[in-house]
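Step one of this worksheet: look at the structure below.
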Amino acid sequence: MSVVEIDDLQKSYGSKKAVRGVSLTVEEGQIFALLGPNGAGKTTTLEILEGFRQRDAGRVSVLGFDPADRRGGREMREQIGLVLQDIAVEPYLTVRETVARNAGYYPAARDIDEVIALVGMSGKEKEKVKDLSGGQKRRLDLALGIIGNPRLLFLDEPTTGFDPSARRSAWELVRELTRLGTTILLTTHYMDEAQALADEVAVIAAGEIVARGTPETLGGRDTAKARVRFALPEGHSADELPVAVSPDGEEMVTVEADDPTEVLHQLTGWALGNNTTLPRLIVDRPSLEDVYIRLTGEGADAPQAERSMT
């Protein structure tokens with residue numbers, strides 16, 4: 001079942017086209033990552049899905065509802081959760097009071113203490129919002145997003161401001177939510193986050209979807225040539241090596257190969273024969289970040305829309 005369906009979505013701001021014929025689907029139970037630089041149309045697309053902004057053209061369905069149709073707005077909102085980049089909360093309420101207040105907006109909210117524990121805020125229930133750290137406030141945002149037990153959760157840069165340990169904990173929470181039946185539409189600028197969480201990824205640039213696939217196959221990652229990188233051994237030049245290499249900065253060189261096994265055999269055989277080593281030896285294929293940068297190279301100048309709740 002498709003939880004989100006978008007067909008030929010279009011939106012302009014004056015003469016600037018922010019979204020140019022975007023089409024995609026998000027299946028039930030997926031973690032779907034929508035990636036793109038600032039100004040690429042990502043925020044506008046999300047706002048249309050969330051019902052905060054009207055589209056100019058195209059078809060949109062969220063949980064079977066048209067977000068632009070106010071007649072079904074309440075029923076749709078009761079089934080979605082939002083973790084936006086900026087959420088306004090009363091600074092003088094406690095953590096528990098804040099979560100409890102939001103729980104009252106939903107007909108089948110989760111248990112308040114369970115949600116506080118899920119986001120790692122146990123022991124902070126009586127702390128006022130104004131006294132929380134940035135990372136703790138972001139955890140509270142997550143609590144507010146899931147308190148309604150949503151079928152679909154929008155996560156907009158959910159781990160901004162988290163330290164590495166907190167990010168890993170948040171990732172496990174996201175996985176747990178999907179195990180409990182929640183579909184998640186995620187945006188992030190952290191490529192390792194998309195790699196770790198997403199079942200499927202779409203990249204938007206200059207208002208258009210330029211690639212879509214799993215994190216492993218996006219942009220041909222799975223079929224790209226492997227890269228063998230290492231530093232030249234001290235006292236040896238690139239001309240002495242048994243294979244042709246290219247400079248790769250920081251005194252590193254690179255060989256691209258369809259079959260890295262054969263290249264490694266030649267290089268390691270040469271190194272052993274010359275009683276030396278290949279310092280900082282790495283074998284990899286283009287990372288998700290490499291592919292993302294290549295795909296969005298033309299998207300940096302796309303018009304940027306400000307997130308609005310009106």
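Below, the figures for the structure above:
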| quantity | calculated |
| --- | --- |
| In the stretch 270-291, the residues that are within 16 Å of A231 (Cα to Cα) and out of contact with any strand residue (DSSP E or B) (no Cβ under 6 Å at 6 or more places or on another chain) | W270, A271, L272, N274, N275, T276, T277 |
| Single unsatisfied condition, I209 versus (1) touching a Pro at 6+ places or on another chain (Cβ under 8 Å); (2) crowded, with 19+ Cβ neighbours inside 10 Å | (1) |
| Hits in the stretch 56-106 - residues which are among the aromatic types (F, W, Y), surrounded by fewer than 18 Cβ atoms within 10 Å (Cβ to Cβ) and farther than 22 Å from D131 by Cβ | Y105, Y106 |
| Among the residues listed as A244, A231, A206, the single one being touching a Leu at 6+ places or on another chain (Cβ under 9 Å), of a type in the set (G, A, S) and more than 19 Å from F32 (Cβ to Cβ) | A231 |
| Residue that is surrounded by the fewest Cβ atoms within 10 Å (Cβ to Cβ) [pool: residues in the stretch 130-152 that are assigned to a loop (DSSP other than H, G, I, E, B) and among the hydrophobic types (A, V, I, L, M, F, W, C)] | L132 |
| Residues of the stretch 20-43 classified as more than 22 Å from V174 (Cβ to Cβ) and at pLDDT 95 or above, total | 4 |
| Filter result for the condition that a residue is in the same structural domain as R167 (by TED's automatic domain parsing), part of a helix (DSSP H, G or I) and at pLDDT 95 or above, over A194, A271 | A194 |
| For V60: the one exception among (1) touching a helix residue (DSSP H, G or I) at 6+ places or on another chain (Cβ under 7 Å); (2) among the β-branched types (V, I, T); (3) over 16 Å from G145 (Cβ atoms); (4) touching a residue at least 60 places away in the same chain (Cβ under 8 Å) | (4) |
| Residue satisfying all of: in the stretch 173-189; under 10 Å from the mean Cα position of the chain (by Cα) and surrounded by 17 or more Cβ atoms within 10 Å (Cβ to Cβ); farthest from F154 (Cα to Cα) among these | T188 |
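The rows are residues; the columns are (1) over 23 Å from L218 (Cα atoms); (2) touching a Leu at 6+ places or on another chain (Cβ under 8 Å); (3) assigned to a strand (DSSP E or B).
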site	(1), (2), (3)
V4	no, yes, yes
T25	no, no, yes
A40	no, no, no
T43	no, no, no
R53	yes, no, no
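The values are calculated or read from the model by the stated rules, or taken from the named source; none is laboratory data. Computed from a predicted structure; not experimentally measured. All Cβ positions, glycine included, derive from the backbone under ideal geometry; neighbour counts span all protein chains shown.
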